[in-house]
Amino acid sequence: MDFSTISTRGLVLLGCGKMGSAMLAGWLRGGLAPGAVHVIDPHPSDWLQSTGVAVNGLLPEAPAVVLIAVKPQMMAAALPQLQAMGGGETLFVTVAAGTTIATYEAILGAATPIVRAMPNTPAAIGRGITAITGNGAASADDLATAEGLLRAVGQVVRLDGEHQMDAVTAVSGSGPAYVFHLIEALADAGEAEGLPADLAMTLAKATVGGAGQLAEDAPDSPAQLRINVTSPGGTTAAALAVLMDAETGFPALLKRAVKAAADRGRELGK
Ligand SMILES: NC(=O)c1ccc[n+]([C@@H]2O[C@H](COP(=O)([O-])OP(=O)(O)OC[C@H]3O[C@@H](n4cnc5c(N)ncnc54)[C@H](OP(=O)(O)O)[C@@H]3O)[C@@H](O)[C@H]2O)c1
């Protein structure tokens, strides 16, 4: 992305844990000068110290961007120190799960451009997907800036509004955990069929990873890819009859799981 405004006015990164570090690494790889970045974090990692960015130093008065990557529970303690940057000149981008735009507006003022983003953990390997939405004060340029920063850790999609955020969280935000559990369950099932545990796990991991990559890359839809590997009366068909059962199969199970996550998100957002 074009880092020119950020290079002159600076970027403040509040919280540099897993997500903050993944983004920062991406920006630096993409050519952002370390001198433009000011990190606030109570326990800076050795890696962070080695990057050459400013850590827990004096902050610019009106940076181009503040990126918030602290845990939602730390928000109340962390945000007030940045209150003076609210009001319009600085774009705030937040990746914190659950904290609503209204919460930020209450602290920073409604004239502050705010972009709320929901990334997911494959961001750690540059394979995340992040959904973004802005408040009324966020301009098209602000959304483009946020998108450019978040593209450092994977794909970015735009939402129609914040009302979609709980559903997005339930699908892609929490989704990697569902897939990790699918891997565990597939490996366990392989063990139950007589395979050694480590072999079953190797097969399960590579199958989910490879199939996921194929589904992303192939021109065919996932449904067509499934049909392509299912011969009538064969082994795959036998398993799919179980998995595609309307009441006890994946569709009903995932609908319940995703609804539980979305409901919980709505509850936490209150
Ligand atoms: N990881 C993901 O895949 C993912 C996905 C979606 C959304 N998110 C969101 O991203 C945010 C960060 O998640 P994470 O996984 O990166 O968590 P994390 O690894 O715990 O990072 C949070 C960082 O903020 C630091 N911190 C704590 N209090 C602070 C304060 N007052 N001022 C400045 N920094 C402070 C923490 O330091 P200490 O460790 O020393 O306390 C830590 O380095 C969360 O809000 C989460 O909801 C993460």
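The values are calculated or read from the model by the stated rules, or taken from the named source; none is laboratory data. Keep in mind that this is a model prediction, so the values were computed, not measured. Cβ atoms come from the backbone with ideal geometry, glycine included; neighbour counts cover every protein chain shown. Protein only, heavy atoms only, side chains kept; ligands, DNA and RNA dropped before computing areas. Shrake-Rupley method; radii C 1.70, N 1.55, O 1.52, S 1.80 Å.
In table form, for the structure just shown:
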quantity	calculated
Number of positions in region 223-239 that are among the β-branched types (Val, Ile, Thr) and either touching a strand residue (DSSP E or B) at 6+ places or on another chain (Cβ under 9 Å) or open to solvent by 100 Å² or more (accessible area, probe 1.4 Å) (or both)	1
Unmet requirement for Val70, which otherwise passes all of (1) more than 7 Å from the ligand (Cβ to nearest atom); (2) among the aliphatic types (A, V, I, L, M); (3) under 23 Å from the mean Cα position of the chain (by Cα)	(1)
Every residue from region 26-45 that is without any contact (Cβ under 8 Å) to a residue 40 or more places away in the chain, more than 9 Å from the ligand (Cβ to nearest atom) and either in contact with a Leu (Cβ under 9 Å, 6 or more places away or on another chain) or closer than 17 Å to Ala123 by Cα (or both)	Leu28, Leu32, Pro34, Ala36, Val37, His38
Candidate set from region 240-254 (those that are open to solvent by less than 50 Å² (accessible area, probe 1.4 Å) and in a helix (DSSP H, G or I)); member that is nearest to Ala177 (Cα to Cα)	Ala252
Matching residues, region 68-95, being crowded, with 20+ Cβ neighbours inside 10 Å, assigned to a loop (DSSP other than H, G, I, E, B) and of a type outside the set (A, V, I, L, M, F, W, C)	Gly86, Thr90
Options Leu59, Leu48, Leu13, Leu91; residue that is within 10 Å of the ligand (Cβ to nearest atom) and within 27 Å of Gly136 (Cα to Cα)	Leu13
Single condition Gly98 does not satisfy, out of (1) within 15 Å of the ligand (Cβ to nearest atom); (2) at pLDDT below 95; (3) under 25 Å from Gly10 (Cα atoms)	(3)
Scan of region 110-126 for residues that are open to solvent by less than 30 Å² (accessible area, probe 1.4 Å) and within 10 Å of the ligand (Cβ to nearest atom), ordered by number	Ala117, Met118, Pro119, Asn120, Ala123
Pairs with Cβ under 8 Å, 6+ apart, first in region 50-78 and without any contact (Cβ under 8 Å) to a residue 60 or more places away in the chain, second among the charged types (D, E, K, R) and more than 8 Å from the ligand (Cβ to nearest atom)	Pro60/Arg9; Ala62/Arg9; Ala62/Glu89; Pro63/Arg9
Looking only at region 1-10, and only at residues there that are in contact (Cβ under 8 Å) with a residue 24 or more places away in the chain and either open to solvent by 10 Å² or more (accessible area, probe 1.4 Å) or within 15 Å of the ligand (Cβ to nearest atom) (or both), the one that is nearest to Met75 (Cα to Cα)	Arg9
Residues (open to solvent by 30 Å² or more (accessible area, probe 1.4 Å) and over 16 Å from Lys71 (Cα atoms)) located in region 96-108	Ala102, Glu105, Ala106, Ile107
Number of positions in region 132-161 that are buried (at least 20 other Cβ atoms within 10 Å of the Cβ) and either more than 25 Å from Glu89 (Cβ to Cβ) or within 13 Å of the ligand (Cβ to nearest atom) (or both)	3
Criterion: within 16 Å of the ligand (Cβ to nearest atom), within 19 Å of Arg29 (Cα to Cα) and aliphatic (A, V, I, L, M) - qualifying residue of Ile107, Ile129	Ile129
Any strands (runs of 3 or more DSSP E) falling wholly within region 112-223 and containing at least 2 residues that are in contact (Cβ under 8 Å) with a residue 40 or more places away in the chain	114-118, 128-134
Residue within region 48-57 that is within 17 Å of Thr145 (Cβ to Cβ), buried (at least 18 other Cβ atoms within 10 Å of the Cβ) and not small (Gly, Ala, Ser) present	no
Output for region 208-222, where each listed residue is over 22 Å from the mean Cα position of the chain (by Cα) and open to solvent by less than 80 Å² (accessible area, probe 1.4 Å)	Ala218, Asp220, Ser221
